[in-house]
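Trainee: What follows is a structure written as structure tokens; I'll ask about it next.
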């Protein structure tokens, strides 16, 4: 089975040429992120991913985490890997120095996160959830809570979880029923939570649960939800884990994928909890983190796509089957067959496009945080807000398609677990569901991100794309010239859809929402096509360097334009005209056959 | 006790090495480069000596092009206290490197110089021995175990016949074999700290060392491709082929 190799060349190319690492490193507080340091970080993170995490990915999937008497044993090797993760200080990468963090940009953290996820998605979820919890505490927690918990969580000796979902409250958190009753300086938490990633495990000495619950006087609905911190072990005055809290794992789920990641049912039985921030503001705190979490899931799409591509490529180069269509004499590796190549190119080009878009959005998050000028900050934040549902929705949906192509390249062997191709498809399958389904992302995109500001941010993107067309026009490269009209048609498709959404969000909201997912896909491929065209321009200037890499980049960008971006006008028609068709049948007519 | 560790920047061990089209050498453009794995072991040993209290300062040295800075940054991240780069674009052969290291060693006056027994690019296995000779210091090559005393070191060497344990007087040059230790993973905080450690750049001219190559490379070629196998009819045919075609018996 082929090993994971971090695509460091492409990562560095995207960081430097597309996402503007040099500019990010000029932002206040990010001066440490110089090219040589970032190179060293990526290099060492890739060793960790390839040598520690990748070898326990398949075995972790086969063994899965096991629940017994309230305790969860992670698969063989996970504990050792987690110790190495902590020893390497990887969890501290994006956090403030005050709490033991390294204070590096989101952009750098993104590249490292991609490697951890590619090599072992199940493992990567533990750090991911911990980072989310740290982020929430950093932003909203009282000083005393930060002092007790942040240092431990950033160093990784304690992990974090997010307890949102309950059996009756999935996408609709207004239905949360877990109770929190005040008792002196703390609260007593009671209720059941489900789908809690790493809610219980044997990797760390303590687990810090962030739990959504209601106080007795809280108003109904989402305005009555508060956020609580509930540790597995209550810290003693010296900061070490003490008494066991009544937060217990009742069972773990049997899932389609991410088998090594324990998904816990948590029961809080009068457990001690501490309020994070103010009462009844829990959901707004959640929304602060939601962007980061959704972005990370989009990045999981990129990461799994990359891994699936590498595996398929290795197989296609080795598997001898059939004769070359032209040369014909001897049996050839299947990579020589045009359709296998087409699949590999679909995998490669879309993965690179998704990576480019994700990293560009990560850089925008850094600018939105740190640029001095307030107007600039707002501009970057608006772009981030617009693109988060696109990165999440498009990259996760495409990640599944790519993992599925990975199975297809393997032929019959892809359907057999031992090649490892199937695992990627099973692992990827959750990404379009958790942290908000694709439908939820698309609704967010057309409703909050476009209709609410009358399309202003989306139109600014269209303007930028039109300006960029002039840049493309200056290139003499025939491949780049071939991309240009396709991107222009994609831009026009986005512009038409934005006009349609703004005009109809009031009078035909059902029609608009019926086309929301096709529109999200359209946004993804146009934004991805834009980044690939930028990549081609950058590569054209660098051709005298690593010419194989840069030539391949230009050809891959052209492939993306002609095989993926070209779908944009069709999607536009679906969005603009297809709404009525979605809603055409009555509920009864669904049963009429 | 000060320890000097020499590290070389080489083509990464995962890279499939290719010969340049003109046969002048091995292709290194756009190829991933890393620290020579044997030198990584040498550095790891120095860091362990420091952690055990047997060494007080670790100085990493590399000789070569400006990009050797990266290799030295890695050395600093692994645990060297400071770094010296002897920067030159000239082709460096083992004797030149040994002379450069000699001048650094005389300046720095370490009690111990550690380096890999060979570099995985040219596999020369000469620099350590030449350095010891030039300095007139003791040498212990192919170390698989190093135990430090006040004025001496007990070194277990991997030799053809098995293990050979010797005691050498300090200062000494030790070259490391594969089984001496297993190098650690570099941690993120140490990568960040490495940026702030002292870094000195010198030149062969400033050190007064003539690095002109003494050997000329005439031609570099790839090994001949392996031919497809054949089935022989019987043992006699096999013996015949071994004797007359392969000429091995």
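Trainee: Sort the following peptides by mean Cβ neighbour count (other Cβ atoms within 10 Å, averaged over residues), highest first: A:371-378, A:542-549, B:114-121.
Mentor: Descending mean neighbour count gives B:114-121, A:542-549, A:371-378.
Trainee: Need one number: nm distance between label points at residue A:573 and residue A:314, each 7 Å from Cα along Cα→Cβ, rounded to one decimal.
Mentor: So the two model labels end up 4.3 nm from each other.
Trainee: Dividing the convex hull volume of the alpha carbon atoms of region B:167-247 by its residue count, what do you get in Å³ per residue? Show your work: numbers first, answer last.
Mentor: Numbers: hull volume 32.1 nm³, N = 81.
Convex hull of Cα atoms, per residue: 396 Å³.
Trainee: How shielded is B:180-191 by partner chains, expressed as the average number of their Cβ atoms within 10 Å of its Cβ atoms?
Mentor: That works out to 6 on average.
Trainee: Can you pull the mean other chain C-beta count within 10 Å for peptide B:68-77?
Mentor: Mean number of neighbouring Cβ atoms from other chains: 2.
Trainee: What whole-number distance in Å separates the alpha-carbon centres of region B:131-168 and region A:201-250?
Mentor: About 58 Å separates the Cα centre of region B:131-168 from the one of region A:201-250.
Trainee: Take the alpha-carbon centre of region B:209-249, take the same for region A:421-470, and report the distance between them in whole Å.
Mentor: 60
Trainee: Which shape class applies to region A:287-580: rounded if a/c is under 1.5, otherwise prolate when a/b exceeds b/c and oblate if not, where a ≥ b ≥ c are the square roots of the Cα gyration tensor eigenvalues? Before the final figure, lay out each step's value.
Mentor: Details: a/c = 1.78, a/b = 1.46, b/c = 1.22.
Prolate shape, in that a/c is at least 1.5 and a/b is the bigger ratio.
Trainee: Here's another thing I want to ask about it. Hey, how many Å between the Cα centroid of region A:22-71 and the Cα centroid of region A:271-302?
Mentor: Result: 22 Å between the Cα centres.
Trainee: What's the whole-number percent of alpha carbon pairs in region B:89-193 lying beyond 20 angstrom?
Mentor: For region B:89-193, the share of Cα pairs beyond 20 Å comes to 45 percent.
Trainee: So, one more: If I model a spin label at residue B:164 and residue A:12 as a point 7 Å from the Cα along the Cα→Cβ vector, what separation in nanometres do I get?
Mentor: A separation of 4.1 nm, rounded to one decimal place.
Trainee: Under the rule a/c < 1.5 gives rounded, and otherwise a/b versus b/c splits prolate from oblate, where does region A:254-316 land using the Cα gyration tensor?
Mentor: Numbers: a/c = 5.39, a/b = 1.94, b/c = 2.77.
Cα axes put region A:254-316 in the oblate bin.
Trainee: I'd like to compare B:160-171, A:192-203, A:394-405, A:217-228: which one has the highest average count of other Cβ atoms within 10 Å, and what's the full order after that?
Mentor: Order by mean packing, descending: A:394-405, A:192-203, A:217-228, B:160-171.
Trainee: Please give the helix B:94-108 orientation as an angle from the longest Cα principal axis of chain B, in degrees from 0 to 90, rounded to the nearest 10.
Mentor: Taking Cα atoms only, the helix is inclined about 10 degrees.
Trainee: Does anyone have the angle between helix A:478-504 and the longest principal axis of chain A? Alpha-carbon axes, 0 to 90°, nearest 10?
Mentor: Between the helix axis and the principal axis of chain A, the angle is about 50 degrees.
Trainee: Okay, moving on. Considering every Cα-Cα pair within chain A, what fraction, in whole percent, is farther apart than 40 Å?
Mentor: 26
Trainee: Label region A:103-186 by shape, choosing from rounded, prolate and oblate, from the square roots a ≥ b ≥ c of the eigenvalues of the Cα gyration tensor; if a/c is under 1.5 it is rounded, and otherwise prolate applies when a/b is larger than b/c, oblate when it is not. Numbers along the way, then the final one.
Mentor: Values: a/c = 2.41, a/b = 1.33, b/c = 1.81.
Oblate, since a/c reaches 1.5 and b/c is not below a/b.
Trainee: For A:39-48, what's the mean count of beta carbons from other chains sitting within 10 Å of each residue's beta carbon?
Mentor: 5
Trainee: Could you list A:319, B:214, B:179 in order of exposure, starting from the residue whose Cβ has the fewest other Cβ atoms within 10 Å?
Mentor: Values: A:319 17, B:214 9, B:179 13.
The fewest-first ordering by Cβ neighbours comes to B:214, B:179, A:319.
Trainee: Right, another one. Roughly how tilted is helix A:547-563, in degrees to the nearest 10 and between 0 and 90, from the longest Cα axis of chain A?
Mentor: 90
Trainee: Over region A:165-287, consider all pairs of different Cα atoms and compute the Kirkwood hydrodynamic radius from their mean reciprocal separation; express it in Å, one decimal. It would help to have the intermediate numbers written out before the result.
Mentor: Working: mean 1/r = 0.0674 Å⁻¹.
Kirkwood radius, region A:165-287: 14.8 Å.
Only the coordinates and a few stated rules stand behind these numbers; no lab work does. Not measured: the values here are computed from a predicted model. Positions of Cβ are backbone-derived with ideal geometry, glycine not excepted, and every protein chain shown enters the neighbour counts.
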